[in-house]
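Undergrad: Structure below; questions to follow.
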Amino acid sequence: MTNRAFIQHDETTAPAASRPRMAAVRQQFGLLPSPIARLAAAPAVLDAALTGLAQFEASSLAPLEREVLAMTLGQHNGCHYCINLHRRLLRLHEAPKELIDALETGAPLAVPRLETLRRFVLELLARTGDPSSESWSEFLAAGFDRVQALEIVQGIAAYTLTTFANRLTEAPLDG
């Protein structure tokens, strides 16, 4: 750990503009996650992160598919907080241990549709949003559509913001 000195804010120390969002997160989850406590230093960034994540949660992708994207980004970007959090969320979705382990290590997934999604996310990252014709064909053949491709880009944006911020602020694991 470096000495980046990001403050772990609460509702009494954070900038006033961050306090309502922090209180809403605390009410929703029963605690204030460390990334939120650190992002609170920049109210606009906190708002962008929470809004982006909420919008992605409202996408047409199934909950398990959203978790595959989140874990893929967490693993790709080396966000230990994200991997830990999404491992727990995958367990809540009753995902098989083998799926969780594969996502955590970046290994291929045994479920073809989810593996296609994982590869499509990695392709978008590697090719800065310009997937190959083969990747597009595989994505569409797996039953995804073009709207979902745009939703995946939105998810990548939201999780890139949070994974980078979590790493920058060295957000510690909660509890």
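The values are calculated or read from the model by the stated rules, or taken from the named source; none is laboratory data. Nothing here was measured: the structure is a model prediction, and the numbers come from that model. Cβ: placed from backbone, ideal geometry, glycine included. Neighbour counts: every protein chain shown.
Undergrad: In the range 78-109, how many are touching a Lys or Arg at 6+ places or on another chain (Cβ under 7 Å) and without any contact (Cβ under 8 Å) to a residue 40 or more places away in the chain?
TA: 2
Undergrad: Are any residues in the range 121-163 more than 22 Å from T51 (Cα to Cα) and not in a helix (DSSP H, G or I), and if so, which ones?
TA: Answer for the range 121-163, where residues must be more than 22 Å from T51 (Cα to Cα) and not in a helix (DSSP H, G or I): R127, T128, D130, P131, S132, A142, G143, F144, D145.
Undergrad: Taking A37 as the residue in question, decide whether it is among the small types (G, A, S), crowded, with 18+ Cβ neighbours inside 10 Å and closer than 30 Å to F6 by Cβ.
TA: In short, yes.
Undergrad: Restricting to the range 19-36, what's the tally of residues that are within 17 Å of N166 (Cα to Cα) and in a helix (DSSP H, G or I)?
TA: Of the residues in that region, 5 qualify.
Undergrad: Just to be sure before I move on: is E123 among the charged types (D, E, K, R), touching a Phe, Trp or Tyr at 6+ places or on another chain (Cβ under 9 Å) and over 29 Å from S34 (Cβ atoms) in the structure I sent?
TA: yes
Undergrad: May I pose another question? Could you grab me the full set of residues in the range 133-151 that are free of Cβ contacts under 8 Å to residues at least 24 places away in the same chain, touching a helix residue (DSSP H, G or I) at 6+ places or on another chain (Cβ under 7 Å) and not aromatic (F, W, Y)?
TA: Those that are free of Cβ contacts under 8 Å to residues at least 24 places away in the same chain, touching a helix residue (DSSP H, G or I) at 6+ places or on another chain (Cβ under 7 Å) and not aromatic (F, W, Y): S135, E138.
Undergrad: Would you check which residues across the range 93-120 are among the hydrophobic types (A, V, I, L, M, F, W, C) and in a helix (DSSP H, G or I) and list them?
TA: Hits for the range 93-120 are L99, I100, A102, L103, L114, L117, F120.
Undergrad: Among the residues of the range 37-52, are any in contact (Cβ under 8 Å) with a residue 24 or more places away in the chain, within 19 Å of R167 (Cβ to Cβ) and of a type outside the set (A, V, I, L, M)?
TA: Looking for residues that are in contact (Cβ under 8 Å) with a residue 24 or more places away in the chain, within 19 Å of R167 (Cβ to Cβ) and of a type outside the set (A, V, I, L, M), one finds at least one in the range 37-52, hence yes.
Undergrad: I'd like to know if the range 110-118 contains one or more residues that are under 28 Å from L140 (Cβ atoms), at pLDDT 95 or above, within 11 Å of the chain's Cα centre (by Cα) and among the acidic types (D, E).
TA: Within the range 110-118, none of the residues are under 28 Å from L140 (Cβ atoms), at pLDDT 95 or above, within 11 Å of the chain's Cα centre (by Cα) and among the acidic types (D, E).
Undergrad: From the set of residues in the range 132-172 that are within 12 Å of N77 (Cα to Cα) and β-branched (V, I, T), which is surrounded by the most Cβ atoms within 10 Å (Cβ to Cβ)?
TA: Only one residue tops the list, namely T162.
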